[in-house]
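Bear in mind that the values in this text are calculations on the coordinates, not laboratory data. Source: prediction; values computed, not measured. Every residue, glycine among them, receives a Cβ derived from its backbone with ideal geometry; neighbour counts consider all protein chains shown.
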Amino acid sequence: MSDIDKQNPKIEPAQWSVVAIVVAFAAGAFLYKLLMHERLGHSAAMFLGIPAVLAILLALAPKAKTATGGILKGITLALLVVAPLLGEGYLCILFASPLFYIVGIGVGLAMDKSRRKQGATLSCVALLLLPMCFEGVVPQLTFNRAQSVEVRSVVAAPANEVEHALTQGPNVTTPLPLALRIGFPRPLGAWGEGLAVGDTRTIHFTGAEGDPPGDLVMRVTERHPGYARFETVSDQSKLTQWVRWTSSEVEWTALDKGHTAVTWRIDFMRQLDPAWYFTPWERAAVKEAAAYLIDADATPMRRY
């Protein structure tokens, strides 16, 4: 090594890669804090914008064998570092991680196909991703949040017993299905009974991510034989991080002396963007909740 080389040691590509990852982490952390401060933590700017910035910064790192490989390694490392620090917030990482990889792979493949035109490629990718990142930020780019799901099940009990079970109010002692035990707020207790118009139900949920427990309060607003409708009065639970429960309807119809068809319908507002990604996840989770309500609240054997 010459004296000049000793005075100006060459930085190896691996060292530049470390620098790129650190810069990407810092940019991601800054954007996260900024979006949370601006109350945009549920928008596509969070779930598409941050992975896009990470992927583009990682793509600018010195050439690895493939840009895609370098990006995916950096994103994986970022998720592994961040997830343990979020407590209950790991659920967001779990659901959002495929988005990070989708964006990373998209940027990486575009780079790998046009390595000689890196600047132009990144500009095109950024222009394509930019409008998508404003969903939930700009009203004109935000899709309808209103959703409705329903579940129908046959309960092995007479209709009058099903109705009596429903009058008893929420039953939170029935174990939740596995899909609802992976980090969502859990019901700790419940109050209220009756199916007359004006009767209320209060469900006390656990907190999450450092926030205290909160209550979901619903009121019976419509009632006729074999039917009851509940509408949300207030919702201070952490469920609002994912969905806002607007109403719930239950119908029950006797099939024979020992079996009753029960249909539970839930209307809710989707809280997370982008819609194309989070709508199926949220609908699946709410369907699980509707099935649970039939099992826990409309099935007499669960009461005794």
Inset, instruction - Would you please name the trypsin sites (Lys or Arg not before Pro) within the stretch 157-239 that are DSSP coil residues with at most 14 other C-beta atoms within 10 Å of their C-beta? - result: R181
Inset, instruction - Tabulate in residue order the Karplus-calculated ³J(HN,Hα) for the stretch 176-189, using 6.51 cos²θ - 1.76 cosθ + 1.60 with θ = phi - 60°, rounded to whole Hz; enter x for Gly and Pro. - result: 5, x, 3, 4, 9, 10, 8, x, 5, x, 10, x, 9, x
Inset, instruction - Starting from the amide H of L188, placed 1.01 Å from N in the peptide plane, find each other amide H under 5 Å away whose residue is 5 or more places distant or on another chain. - result: H204, F205, T206
